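Scroll down for the structure; my scribbles are underneath it.
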Amino acid sequence: MMRRNIFMPAFVMVTLMMAVNPALAHFGTITPSDDIVTQDDDKTLNIQVKFIHPMESHYMEMVKPNRFGVFHDGKKIDLLATLQPAKGKSPDQTESFTFWTTSYKIKRPGDYTFFVEPAPYWEPAEDVFIVHYTKVCVNALGLEEGWDSPVGLETEIIPYTRPYGLWTGNLFTGQVLLKGKPVPFAEVEIEYLNDSPGNPGVVVPPSDPFVTQVVKADVNGVFSYAMPRAGWWGFAALSEADWKMKNDGREKGVEIGAVYWVHTRDMK
């Protein structure tokens, strides 16, 4: 959920900002070491799975996901057993957190959509559980086929723009689905991954509204956004689940998110 009242631009103040105003935009992330694998590249991808506030570079502790896999050539492959826990530090070195890593060797051409269903995360500031169904697509060996196929998650974003080979400034268009059906007028939150590998320096937003961009989808759940900087960009469409979970014996709502990540590069 996105409800903010106070913003402090210095990243060393992230912890204090969280204490004053904890309701920041959450994003599940899957970041592969590359989004395009060519014949000349190393065919083994290194993949990181995290739960974060991307622009603020604030990380949540993440337990092992319920599902993790890859969708290729119309088939889902279970990769959950390959995930390994890892420890990280926030950029200001004040926070440690658990995330998950794996490697995956590309063997055949085509599009590989990696997906994760995390374990529900209890967010006391919002009195809700959070489950973000997250996807990213990697193209391999020149065959551009499969990137626009649904994986079949409870909620997901289907790209209408090919989600790789994107220049900075390109328009990304997608459709929000819930149980396989479009979500009319879905609100989509967009954030830049501020510690993306190879980023040209950390972005310090001038005021609060610059942290999370927001667009509304049309009646068919279709939205668009032009990405102004090189790096990883996350798109999150939130819905309320039709099921609840218990916390301290009380039933609580569940926020489910359809999250999609794309990578842009500067034209040189």
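The values are calculated or read from the model by the stated rules, or taken from the named source; none is laboratory data. This one's a predicted model, so the numbers in the text were calculated from it and none came from an experiment. Backbone-built Cβ (ideal geometry, glycine too); neighbour counts: all protein chains shown.
What do you reckon, is His72 within 25 Å of Val37 (Cβ to Cβ) and either among the small types (Gly, Ala, Ser) or buried (at least 20 other Cβ atoms within 10 Å of the Cβ) (or both)? Yes: the conditions hold for His72.
Could you check, for region 49-67, whether at least one of its residues is of a type in the set (S, T, N, Q), surrounded by fewer than 21 Cβ atoms within 10 Å (Cβ to Cβ), within 14 Å of the chain's Cα centre (by Cα) and under 20 Å from Pro163 (Cα atoms)? No: region 49-67 contains no residue that is of a type in the set (S, T, N, Q), surrounded by fewer than 21 Cβ atoms within 10 Å (Cβ to Cβ), within 14 Å of the chain's Cα centre (by Cα) and under 20 Å from Pro163 (Cα atoms).
Of all residues in region 116-142, which are over 28 Å from Asp248 (Cα atoms) and over 11 Å from the mean Cα position of the chain (by Cα)? Result: Cys137, Val138, Asn139, Ala140, Leu141, Gly142. Considering (1) under 27 Å from Thr38 (Cα atoms); (2) modelled with pLDDT of 95 or more, the lone condition that Lys107 does not fulfil carries the number (2). One residue stands out among those in region 77-88 that are among the small types (Gly, Ala, Ser) and assigned to a strand (DSSP E or B): the one that is surrounded by the fewest Cβ atoms within 10 Å (Cβ to Cβ), which is Ala86.
Residues in region 120-161 that are farther than 13 Å from Gly174 by Cβ, of a type in the set (D, E, K, R) and in contact with a Leu (Cβ under 9 Å, 6 or more places away or on another chain): Glu154 alone. In region 162-207, of all residues being at pLDDT 95 or above and among the charged types (D, E, K, R), the one that is surrounded by the most Cβ atoms within 10 Å (Cβ to Cβ) corresponds to Glu191.
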